[in-house]
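Some notes on the structure that comes next.
The values are calculated or read from the model by the stated rules, or taken from the named source; none is laboratory data. Since this is a predicted model, take the numbers as computed values, not measurements. When we count neighbours, we look across all protein chains shown, and the Cβ atoms used for this are built from the backbone with ideal geometry, even at glycine.
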Amino acid sequence: MTDPLRYIPARVRRQVLDANCAYCGGPFPTEVDHVIPVAQGGSGDLSNLAAACEPCNREKLDFTPAEWRAWRESEGLPWPPPGRIGYIREAVQQVLDSGVSPSDLAEAAAAYARRDAS
Ligand SMILES: [Zn+2]
């Protein structure tokens, strides 16, 4: 990390990440987000830092929370964002809806693993 405006010391990072995602509420966030983006004049002060999971941070980009929310709503997407747990839930539901049996899935996973090994 070379940009001093975006640099977050490890101690601060640990402190901020000791929380759920500030946006979707999901557990185990891995990223420290600048609530007001640095690109929009946000600071690196603790008061401008929030824990975010990867899907939330990736989508938030250089939006403020209000801009991000307005964008999601203009796209017909729900607020708050579903986050990682939401995407996992969606993926599990898709598998359930597809009617694929768990044993078929296990077999497919094993075949996939063999493909990597060879
Ligand atoms: Zn999140």
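Residue pairs whose Cβ atoms lie under 6 Å apart, separated by 6 or more positions or on different chains, with the first residue in region 48-65 and closer than 10 Å to PRO29 by Cα and the second assigned to a loop (DSSP other than H, G, I, E, B) and more than 8 Å from the ligand (Cβ to nearest atom), are ALA50/VAL35; ALA51/ALA19; GLU54/THR30. Scan ALA50, ALA66 and give me the residue that is closer than 29 Å to ARG14 by Cβ and in contact with an Asp or Glu (Cβ under 6 Å, 6 or more places away or on another chain). Exactly one residue qualifies, and that residue is ALA50. If the condition is being modelled with pLDDT under 85 and surrounded by 10 or more Cβ atoms within 10 Å (Cβ to Cβ), then region 102-118 contributes only LEU105.
Any residue at all in region 78-88 that's more than 13 Å from the ligand (Cβ to nearest atom) and not polar (S, T, N, Q)?
Within region 78-88 (the criterion being more than 13 Å from the ligand (Cβ to nearest atom) and not polar (S, T, N, Q)), the answer is no, since none of the residues qualifies.
Just so you know, in region 54-69 the residues that are in a loop (DSSP other than H, G, I, E, B), surrounded by 12 or more Cβ atoms within 10 Å (Cβ to Cβ) and not polar (S, T, N, Q) include one that is farthest from the ligand (Cβ to nearest atom), and it is ASP62. Looking across region 32-53 at every residue that is surrounded by fewer than 16 Cβ atoms within 10 Å (Cβ to Cβ) and not in a loop (DSSP other than H, G, I, E, B), the one that is nearest to the ligand (Cβ to nearest atom) is identified as ASN48.
Going by the conditions given, is ARG72 surrounded by 15 or more Cβ atoms within 10 Å (Cβ to Cβ), charged (D, E, K, R) and at pLDDT 95 or above? Give the steps one after another, and end with the answer.
Details: surrounded by 15 or more Cβ atoms within 10 Å (Cβ to Cβ): yes; charged (D, E, K, R): yes; at pLDDT 95 or above: yes.
Yes: the conditions hold for ARG72.
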